[in-house]
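Since the structure comes first, as structure tokens, the remarks are kept for the end.
The values are calculated or read from the model by the stated rules, or taken from the named source; none is laboratory data. Since we're looking at a predicted model, the values are computed, not measured. Counting neighbours? That spans all protein chains shown, and the Cβs are built from the backbone with ideal geometry, glycine included. What goes into the accessible areas is simple: the full protein's heavy atoms, side chains included, and nothing from ligands, DNA or RNA. Shrake-Rupley method; radii C 1.70, N 1.55, O 1.52, S 1.80 Å.
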Amino acid sequence: MVDRLLGRGRDAEHRTAAAPPSDAADPKRAVWSRVQLARNQRRPRTLEFVAAMADEFVELHGDRAFGDDAAMVVGLARIEDRRFVVVGQQKGADTNENIRRNFGMPHPEGYRKAIRVMELAERFRLPIVTFVDVPGAHPGPESEERGIAEAIARSIGLMSRIRTPIVAIITGEGGSGGAIAIAVGDVVIALENAVYSVISPEGCAAILWRTADEAPTAALAMKMTAADQLALGVVDLVVPEPGDGAHTDHAETARRLRAIIIEQLDRLSAISLESLVEARYRRYRSLGAYTETTEAPVAAPPSRGLADRVRDLLDPGRWPAGVQVPGPGRGRDEPPAREEV
């Protein structure tokens, strides 16, 4: 962990994670390789994507309540004649920047900054494009004191009803409520090596197996890769990454995303806002749907009357040898009274 934070061993990580093995050969190892690629520190982040694909970008700061969270980036962007609002988590490229940006894990003020800008987008009729890359929201006591759960819940609630098109893009590691807080979209896109899950594989393994060593097993069971999420209907589109991954060619990855963003913004702009919000609601209500089956009710056993109980007392021969005869007032299936034990 220390080596990873200090940036040591990156070349070795790049070599081992560059080419995931085929699923047929070793599914667990293949999925874990995808997780490592999603966490690669060389992957492009929100600001890198925006700089490569947008013709103009103006970053906005502060939540107008507490402060400015560097782990959440928001602003106004333009691609050709299309103007939209950008919201995304931002990790650092080195240790110092990661400390300044809190390793991409937003505090409550980060989500409230995102809420403020999304409300501006609705007011000025601008679509929203979000970039999701976070292991989870900041879990420290200061975040709890400032209402991290309330901020995440309010962000999800706002995005579920806001009257403007939303395109959400999972670019790296989308984890827990910290990811879904800015990923409630009309269309959800994932890069090929991105992962998306309700909890990190290490956290899941610690709960189920009491050890983080089973994280690869948990990752396989959780179906957290982009391909799995596409099959489950959580993700709508998966964008192939160039070469051995997005970390090898930022410009080409941004070029591919730019074309898809333009296409989706044009498609969503042709849909009425009422239909857009209704379809978004139905989309998330249908996730995790299941079918209930009914079985024929089991008949209740017949109640034992007074005659049956008297017969049990007067005819001990009905009971096998070694079996205690029930006392007065009890059937043969009733437990012994306390004074008889």
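Details
- Percent of Cα pairs exceeding the 22 Å cut-off, where the set is region 24-118: 40
- Rounded tilt (10° steps) of 273-286 against the dominant C-alpha axis of the chain: 40
- Percent carbon-and-sulfur accessible area, region 2-285, ignoring ligands, DNA and RNA, probe 1.4 Å: 54
- Protection proxy ranking of 82-89, 62-69, by the mean of other Cβ atoms within 10 Å over each peptide's residues and highest first, is 82-89, 62-69.
- Degrees between helix 108-123 axis and first principal axis of the chain (Cα, 0 to 90, nearest 10): 70
- FRET efficiency for the pair ALA212 and ASP308, taken as 1/(1 + (r/R0)^6) with r the Cβ-Cβ distance and R0 = 56 Å, rounds to 0.40.
- A straight Cα-to-Cα reach below 17 Å connects LYS28 with the lysines LYS223, residues fewer than 8 places away in its own chain not being considered.
- Accessible surface, per residue, of region 164-244 when the full set of protein chains is kept, probe 1.4 Å, Å²: 34
- Taking a straight Cα-Cα cut-off under 24 Å and skipping sequence neighbours fewer than 8 places away in the same chain, the lysines within cross-link reach of LYS113 are LYS91.
- For the chain, the convex hull spanned by the alpha carbon atoms encloses 249 Å³ per residue.
- GLU192 long-range amide H proximity, modeled H, under 5 Å: VAL239, GLU241
- Loop-located GluC sites (Glu not before Pro) in region 30-110 (DSSP state other than H, G, I, E, B) with a sparse environment of at most 10 neighbouring Cβ atoms within 10 Å: GLU80.
- Rounded tilt (10° steps) of 148-161 against the dominant C-alpha axis of the chain: 80
- Extension reserve of the ILE260-ARG100 stretch, reckoned as 0.36 nm per residue once the Cα distance is removed: 54.4 nm
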